[in-house]
Structure formats: structure tokens, C-alpha cells
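**Q** Provided herewith is a single structure, encoded as C-alpha cells, for subsequent inquiry.
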Amino acid sequence: MEYDFREIEKQWQEKWKAGKAYKVSNDSAKPKYYVLDMFPYPSGAGLHVGHPLGYIASDIYSRYKRLKGFNVLHPMGFDSFGLPAEQYALETGQHPAETTRINIATFKSQLDKIGFCYDWDREVRTSDPSYYRWTQTLFLKLFNSYFCNTQKKARPIADLIKKYETKGSRHFTAEQWNAFSKKEQEDILMSRRLAFSAYGEVNWCEALGTVLANDEVVNGVSERGGFPVVKKKMRQWYLRITAYADRLLEGLETVDFSESMKEMQRNWIGRSEGAEVEFAIDGSEKKLRVYTTRPDTIFGVDFMVLAPEHELVASITTAEQKQAIDEYLGYVKSRSDRERMAEVKQITGCFTGAYALNPFDGKKIPVWIAEYVLAGYGTGAIMAVPCGDQRDYSFAKHFNIPITNIIGSHYNGEEANPTKEAILENSGFLNGMLMKDAISVAVNKIEELGIGKRKVNYKMRDAGFSRQRYWGEPFPITWKDGIAVPLDESELPLELPHVDKYGPGPEGEGPLANLNDWVNVEGGRRETSTMPGYAGSSWYFLRYMDPHNEQSFCDRKASDYWNQVDVYIGGTEHAVGHLLYSRMWTKVLFDLGYISFDEPFKRLVNQGMIQGSSRFVYRIKGKNEFVSLGLKNKYETDPLHVDVNIVDGIELNINAFRKWKPEFSEAIFICEDGSLNTPISGGRGAGGEAKYICGSEVEKMSKSKYNTVNPDVLVEKYGADTFRMYEMFLGPVEASKPWDTKGIEGVHRFLRKLWRLFNDELKGKIWNEEKATDAELKILHKAIKKIEEDTERFSFNTAVSSFMICVNELADAKCFKKEILEKILILLTPYAPHIAEELWSQLGNNGSVLDAAYPVFDGKYLVETSKDYPVSVNGKLRTNMSLPVDIQQQEVEKLVVENDVVQKWLEGKAPKKIIFVKGKMINVVI
RNA sequence: GCCCAGGUGGCGGAAUUGGUAGACGCAGCAGACUCAAAAUCUGCCGUUCGCAAGAUCGUGCUGGUUCGAUUCCAGUCCUGGGCACCA
């Protein structure tokens, strides 16, 4: 009997489906385990071999945990709202709902072929009304909450209203509050809500009449059409994630993420400690507030810089400078965020004509504006200290502003020195102090004089939460007299209405604004923007726990049972966005008492990227002739990407290439040996068919580079089990590595070899029920130990290699014994479930191998009486000696000195020292 | 510029705590079986020297610590990823 993987895999997939083998219950006596993948966006291109890497890893781990006796939740779903579907609709007129449905069907069929253990009954789709109903509900919970700065947690906005009504606040009394108009009250509340609306700048393209994402703006013009893009203030929705900045930082201490991942999140949050300081402006009542982390350098301030958008710019600019400033502002407006960020080297700015006064020595400090100061960070104004900050230094040099040196010899006059270790000079009351000590002295003085205070700042901003788009969750909000009125939760879902046109609405609003019937409701107008892609993905891990609940987004009993995601697997590209948002949502839901944990993911594993290995052919300039890699330098050639699927290793399938594209049908090839291959004659080299060798390069896997490999093709050719094991065998899950189909043969051979331990091609069944020998048990238990350890630490590549070693050893030992083999099958189940189940049933077992008990390692089979020690002389390996395991130092020394090889190296001298590490090695020092 | 990862045979990679560098697989070479091919099996497979035994060098580079370094430390180069005028 042969290993007919196609038949076997088909048959068992059907049986598992019929028997609901992957059904997961919320009601189990077993301990729970939750393994989650970052769910995919169902793109039109389908899966390539890079996608399933993480899915296979998590599937192996889930199946392993199941065998170890856990009730495992391992769900899958689709992040199905998003821009690409809408863009596609704009181009083709096909409705996103329809293309999304088709794409999901493709994804599911591709995933199913690989044999994942998903309980599809728990599938979620973020674009499904039965799902986004709850996204809208959670939005309302955010809308109806505020962050209490005393308790450092979210609380219902009703609590805040009650407080305002009875006690007032720092800014108004209870009486004043009660006398405010409804609109005034709502505006105050809006400034506290966790989901709030405010004016913010967007990339506005007048020609397209729409708002663009940063991605869609290239070099200051729109990607589509190349029209100019300017910044425009528009009403937007935001999530107040900054309120959670400290808790998001603290929470990192409690989770098992990689250090680099934590570091990225810390950098994104960007907490810094410093001070806000007020500077008087010469001849004006206005005060200028700056934020600085280095108040110790205050005597070294040689100029001030405001962001061009700063509110003081208009009022402090002098008449003489007005024209120059206006020109500069015009220039800044023409520049996109991208450009302002990209061109770091270019120094621009303009003097306002105004002077600020140093609060300590009264020195007049010129006030400039420059685009390198960002309006959104700190106070949008800085005090510039050229001797201590490189950007300030370059700016001063460029505009010939005199530089004050406050750090003596630490400043060399040629570049800034940001040290904190220098002794201060030219610094009034700070003179003679070490800079790092002077920081708090300076702040204390500033606070004492009432001109500033300590301040903690964050780089992170509140997260923009609205998009002027169609394919997203509608906001359950109606605007009435300028007030945002939420829908009642019972009115949800607010379904996304059908549209026929996907173009923007009037005034830059989203496509929904075109639907008058939908927008205009009694007494108000619906919010026409929709939620961004990350809305649905911020909480989906909760919905899997209780996917069909119609009373709540997730029953408390279900979330108490499944609790945190034990292992979360996904790529680093979501390091900051998605992970921070879902961590924030979790904290809010925890604060409000809906769930019992405030970090969603206990452990995070980042899978690496699978890169494409591109292949090139070399076309001779101006001809339809291609020259093989080794000869290409003799001609002037252009490299052309060629589809990797018609190249075997690096050898081109010439006939397939001619059929690949019509323009190549008549192509002529100069092969590696110099012979010609033409469409008529074919190729006849000296020794048969001559080869055309391709060039290769590692690049990102993408359709346009013709280096994508479809898993379907490999599953069809080698089977799902081979494919799964090969993806793992490629290297560590965390590492990025290029895909090379060539090696898959080796894994396939391994599975066939395993098969032959049970069945012989001629004799049929060869497995038997004889008693296993100690040597065979040793092979087994060595494998159990290694494979269990490797699986536990996500080292799947070494586990696969251990399987190979084990099967090689069993084959060498001609061990066909059920006692051994059935244990191997259980070990193999997470990796290659189909073949494991088939052979398991051939062995005459009744139940499924999916629920077998994981073999228990017994160390007694591995006990050795002697050990083969490496013996080094002066650290260089010279020989080996077999010694009893319980041997003592003294005896070792005696035996080692007697050894012939050691004798030779000793040359009659006595060793200085003999190092003996029990169980490891021996080193003779001469 | 800053931060993070990484650099080991022709290739993917292994070496879990400082202790035999190159497991396992691919590719390659030689052989067995076969009329032949496929499949399968056996042997070889980092460098240089050598018939061999063996020696020599060898984990990006330069140093250091150590009886012993792919592993730890300092410096440096390169590659990949992320962030980016953050005061």
C-alpha cells in the first residue's frame, strides 16, 4: 500500500468535519487554553505561502495543548472592513460586500486545505452587522465614559455629570454648570469622553473632493491623479488613548512580549519628563509657553521657535516681518506631512521680529517659526539651545544666530553636545552645577517664581477614529443642533446602507453623505463618517469566546472562563497600532466592569516574514533573446522577473516560459553552455538538453515580482501534512527567511519513510505487536523529550528535524512495533494530523488520535553507564575517551594522562591542570 | 540620525546554561538495485596540506575576558525591520 496523501487527507478532513472534531465548548472540566492568530484581511489576491506560517505554528501549538488535556480555543475570522475593497469598488463598481464575500470564501477554502483545527462555528467577520452591532455598542460605551484622573480609570460619564451638577469643577461651580445651555454642557462633556469629536487636520484633495490617508499622498500630491493636497481642519472622531498612556506603559511589565516589541511600544508612547516654562514677550502682554526636557540649559537659550501653526504667530509678528512670515506660511501649507518629515536635512524658518525675555537674566531672545517644530507635540513651541541640541545648532548656524556656550570645554564650536555631565557656566544661579543635578534645581526655581511647572509629555496622540469612507462601521450618532446624540444600544446595529456610488460626498464627507434619505432623520443629521479598520479588530478576541450572543458582546461567564489570550501570534507590522488599541479597549472594558482582565494578550509571538526568492532572465537589449546567467556579462542585458513557478531551482523551464506570455512565444535562448534553443529546433547541447540558468534575488513576496507561491499548488502536489511540516522546517517561526520550494522534497520523503514503517509496498502491512526492546524505547523517549520541549518553546524547525532523526533510527533498527509507532503518531499529530490519524486507525485504534493522551517521557530509558568524553589539550580537541558516568576527578586525571594521544601532546611534561566538567568535557592544560 | 533584530558550508538552518561548530534537510559527487527510468538504499560532502594517519585555518572584522568563546565584553563593518525634526 502506498502513501496516497490526496485520498487520506480528503477522507479525514471529511470525517473530522462530519464528526465536528474541532467543535469547542465553553463548558468543560478541562483547563482552558486560548491560542489566537491575528485574523487576516481577506484580500483579492488570496493566500500565498507567507500567510500560513503563523497559522501553522498556532495550529500545531493548539493541537499539542489539546493532546495535553486542555480545552483549547483556536478560532479564525476575518478583518473584512477596509480600504482595498472600497478602492476596488471605486474602480470596478462591484459592491465591497460582494467582493468581500467572495474573497472570504477563497480564503476559507485555502485554509481548509491545509487542515487547520478551527471551529468555524465561531468565525467572526467584522463587516457583518451581527458583529459590528457590538463594535458600535462598544463605541457607545467609550463615548459614554470618561477617564477619572483621581482613580486613574474609566468611569461612566453619568458620574461626571452628577459631580458637575452637585459640586461643580475647578473651572465652574455647580450653579454655573446648571445654568449652562445644553450645548455648553455637552461641549464640556465632549472634552472628557473617551470617544470624542473634535476638529483635526486631514489631507484634503480639492480635485478629488476627498480626504486622503497618508499612504495615498505621494510627494505632496494625490497618488491617484497627482492632484495637490492641502491640510484642512475637519470635524473628526478620536479615542482618548493618551489618558491610558501610563497604564499602557505599566501593563507592559505584566505581559510576555519580546523586549523589542515592548521597546517599540514604549517609544511610540514616548513618555518624557520635563517642564513647561512661560516666557514674557518684549512689548506684549502675551506669554509664550514652551516645553523642555532640559530646563538646566535655560541660560543657553539663543532663540525660540514656534510651529508655523502656533496661535501666537499672527499676533506677535512685527510689521516689518509680516510679509516674510506670510510667505513662509504659504510655503509650509504647500508641504505635506510626508515632506516635512522626509527632508530632515533642509533647514527652513523665518524670524517673526518679536523677542521673548529670559525670565532669569532678562536677555532678549529672537522668536522664529520653523516647520521642524510640530504643532501637536508639547506646546508647539521650543526654547532653542544651540550648544546642546544638534538641530538647534544647525538652525543657528544657518541663520547666523550667535551661540551662547554654557558648557565650557564640552562645546567645541563645531557641533552641539547633548551631555548632562558638564558643569554649567554662563548660567546665573546654576553656575558650577553638574547639569543633571541642575535640572531639578531649575524646575524648582521656575515653580517658585510661578512661571512654569513640571510636566510629563507623551509623543503619542489621541487616535483618529473616523474616516470619510464607506466600507466601515457607521457611527451610531446623530447630530442635533451641534450636539452629538448617541443612538440607544437597543437600536443597534445601525446598518451600513447600500450605495451604488463610492465617490465622496459634499464638503469632503464620506460617500454616506450622498444618501439624503439615510442621513436626514427627524430633528437631526446622521454622522456620515465611518470607523477605521482597527475598530473591529480592537476587541475581536472577546467575540470568539461567545460569538452568537445576542444580548451582549460577550457574556461575562464566557470571558471569565476563557480569560486572556494565552498565546497570540502575528507579525511585527502591528506592533504599535493594533496592539495598543486592543490593549486600550481591554483596559476600558475592565474599568467599566465588563471583563475581569486588563491586558488582552498574555504572551505574544511574532512570526517572521517569508520573503520571496525572485528569479530573473536576462534579455539582450532590443532583442527577443535571452542569455543564461553565466554568459550575461558578454551582452548588454535587462533583467526581467520571471514567474518562480516555471523555474526548477535556478533552471528555467524554457517551454513553459514561451507559453507564459505571448510576447515570449518566439524567444530564443542562449544556454549556459553557449548552445542555442529556438522555438523551431529546440535545444540540443553537447550532452542532451542544455540548461538556461536564472539569476536570483531575495525580495518581498509580491505578485508584481512574480515570486509568490500559492499553497494550494503545494498541497495538491505534496499534501497538507508535507506542506505544514515544510513551512515549519524552513527555520525559526520568529525569523524572516526566503521561501524556496526546492527543499519540500526532503520533508515529503520523511513522511513516506514513516509510512514504510507501517506498510511495505509489496508485503502490505508490516507493523507488529512485538514487545519493544530497550534500544527501541530509548529512540522513542529521546524523541518524546526533544519534541515536547521544542514544541513548548515554539522551536518547530528543530522538532521536525527530531522527527526525521527518530524515523531514520527506527528504520535503521527495523522497528515496526505498534508499541513504539503509536506513540510516535501522537507526537506527530500536531504537525501532520492527516497521516497520523490514518496510521492510527490502521493500527486498529478506535478513537481519534486528536484526543489521544500525549506520551509521557520516562528518563530511565535514557540512562547511560558510560559517556564518550571529548578530550582537549589547551582547548583544542585531540581525542575522545569513553568513561563511566559516575567517575571522579582523580580517576579521570589518571586515565587521561595515560592516554596515548594526550601523552603525545604532553611530550613528557606534566600537565599544569586537568579540567573535568562532569557530563561535558575534559581539558588538559600544559 | 535613533531604536530593535541578525551576520555560521554551495543553500535553509542546528548548537536550549561559556564546554566535541556545521545536527536535520536541500543541492552535489560516487556506488548498489534496474534492460532503462523513477522510487529506494549505501558512502562522501567547510578550507588548505597529506596516499593515509593526522595536522592547519575556520561562526562578518579587530581586540579583550577565560583552561575553553558561534555564545560574554569593547570597538567596527554589513544586512534586514521599525521610528523619524518629539524639544
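**Q** Arrange the peptides A:402-410, A:863-871, A:720-728, A:835-843 so that the one whose residues have, on average, the most other Cβ atoms within 10 Å appears first.
**A** A:720-728, A:835-843, A:402-410, A:863-871
**Q** Let me ask something else. Just the number please: accessible area per residue for the range A:773-853, 1.4 Å probe, all protein chains included, in Å².
**A** Working: 2740 Å² over 81 residues.
That works out to 34 Å² per residue.
**Q** Quick one: net charge around residue A:910, please, counting Lys, Arg +1 and Asp, Glu -1 for every other residue with C-beta under 15 Å from its C-beta.
**A** Spelling it out: positives minus negatives among the neighbours equals +2.
**Q** Let me ask something else. Per residue, how many Å² of accessible area does the range A:66-210 show with a 1.4 Å probe?
**A** Numbers: 6280 Å² over 145 residues.
Accessible surface, normalised per residue, equals 43 Å².
**Q** Let me check against my output: what whole-number percent is the relative contact order of chain A, with C-alpha pairs under 8 Å and at least 6 apart?
**A** Relative CO of chain A lands at 13 percent.
**Q** Another question, if that's okay. Of all the accessible heavy-atom surface of the range A:271-458, with the other protein chains kept in place and a 1.4 Å probe, what percent is carbon and sulfur?
**A** 50 percent
**Q** I've got another one for you. So if R0 is 60 Å, what FRET efficiency would residue A:874 and residue A:227 give, r being the distance between their Cβ atoms, rounded to the nearest 0.05?
**A** After rounding to 0.05, the efficiency reads 0.20.
**Q** Could I ask something else about it? Please list, in order, the residues from the range A:454-491 whose amide nitrogen is less than 20 Å from a point placed 7 Å along the Cα→Cβ vector of residue A:375.
**A** Those under the cut-off are A:458-468.
**Q** Treating the beta-carbon of each Lys and Arg as +1 and of each Asp and Glu as -1, no other charges, what is the dipole magnitude of the range A:271-458 about its Cα centre, to the nearest 20 debye?
**A** So the magnitude is around 280 debye.
**Q** A further question on this structure: Assign unit charges at the C-beta atoms only (+1 for Lys and Arg, -1 for Asp and Glu), then state the dipole size of chain A relative to its Cα centre in Debye, rounded to the nearest 20.
**A** 1100 debye
**Q** Tally up the carbon and sulfur contribution to the accessible surface of the range A:535-674 as a whole percent, 1.4 Å probe, everything protein left in place. Display every interim value, and only then the final one.
**A** Values: 2600 of 5590 Å².
With neighbouring chains kept in place, the figure for the range A:535-674 is 47 percent.
**Q** Got a sec? Which residues in the range A:383-404 would a label at residue A:320 touch, if it sits 7 Å along Cα→Cβ and we count backbone N under 19 Å?
**A** Flagged as within label range: A:399-402.
**Q** How do A:750-756, A:239-245, A:738-744, A:760-766 rank on mean C-beta neighbours within 10 Å, highest first? Could the numbers behind the result be given before it?
**A** On the way: A:750-756: 19.4, A:239-245: 22.3, A:738-744: 16.4, A:760-766: 10.1.
Final packing ranking: A:239-245, A:750-756, A:738-744, A:760-766.
**Q** Please give me, ordered by residue number, the trypsin sites (Lys or Arg not before Pro) of the range A:1-83 that lie in loop per DSSP and have at most 13 other Cβ atoms within 10 Å.
**A** Hits after loop and neighbour filter: A:20, A:23.
**Q** For a quick check of your reading of the filter: which trypsin sites (Lys or Arg not before Pro) in the range A:160-217 sit in a DSSP loop and have no more than 10 other Cβ atoms within 10 Å?
**A** Taking the range A:160-217 and a limit of 10 other Cβ atoms within 10 Å, the loop trypsin sites (Lys or Arg not before Pro) found are A:167, A:170.
**Q** Here is a follow-up. Report, by chain and number, residues whose modeled amide H sits under 5 Å from the one on residue A:702, excluding near sequence neighbours (fewer than 5 apart, same chain).
**A** Here the answer is A:707, A:708, since their amide H atoms fall under 5 Å of that of residue A:702.
**Q** Per the Cauchy relation, a quarter of the hull surface: what is the mean projected area of the convex hull of the alpha carbons in chain A, in nm²?
**A** If I average the Cα hull's projected area over directions, I get 55.2 nm².
**Q** For helix A:5-18, report the angle its Cα long axis makes with the longest principal axis of the Cα atoms of chain A; keep it between 0 and 90° and round to the nearest 10°.
**A** The angle comes out at about 60 degrees.
**Q** Roughly what would the spin-label model give for residue A:17 and residue A:763, points 7 Å off Cα along C-beta, in nm?
**A** Modelled inter-label distance: 3.8 nm.
**Q** Can you give the calculated 222 nm mean residue ellipticity of chain A, where each DSSP H run of n ≥ 4 adds -39,500 (n - 2.57) and the sum is split over every residue, rounded to the nearest 500 deg cm²/dmol?
**A** -10000 deg cm²/dmol
**Q** Rounded to the nearest 10 degrees, what's the angle between the helix A:774-792 long axis and the longest principal axis of chain A, both from Cα atoms, 0 to 90?
**A** 10 degrees
**Q** Quantify, in whole percent, the carbon and sulfur part of the accessible surface of the range A:864-925 (1.4 Å probe; protein heavy atoms only). Don't skip to the end; give the middle numbers.
**A** On the way: 2050 of 4130 Å².
After summing per-atom areas, the C and S share lands at 50 percent.
**Q** Are there chymotrypsin sites (Phe, Trp or Tyr not before Pro) in the range A:46-98 that DSSP puts in a loop and that have at most 13 other Cβ atoms within 10 Å, and which ones? Walk me through the numbers before you get to the answer.
**A** Working: sites: A:55, A:61, A:64, A:70, A:78, A:81, A:88; in loops: A:70, A:81.
Here no loop site has a sparse enough neighbourhood.
**Q** In addition: Once both axes come from the Cα atoms, what is the angle between helix A:889-898 and the longest principal axis of chain A, in degrees from 0 to 90, rounded to 10?
**A** 60 degrees
**Q** Now a separate question. Considering only protein heavy atoms, what per residue accessible area in square angstrom results for the range A:264-340 with a 1.4 angstrom probe?
**A** Value returned for the range A:264-340: 46 Å² of accessible area per residue.
The values are calculated or read from the model by the stated rules, or taken from the named source; none is laboratory data. Not measured: the values here are computed from a predicted model. Quick reminder, even Gly has a Cβ in these numbers, built from the backbone with ideal geometry, and neighbours come from all protein chains shown. To get the accessible areas, we keep the full protein, side chains included, count just its heavy atoms, and leave off ligands, DNA and RNA. Shrake-Rupley method; radii C 1.70, N 1.55, O 1.52, S 1.80 Å.
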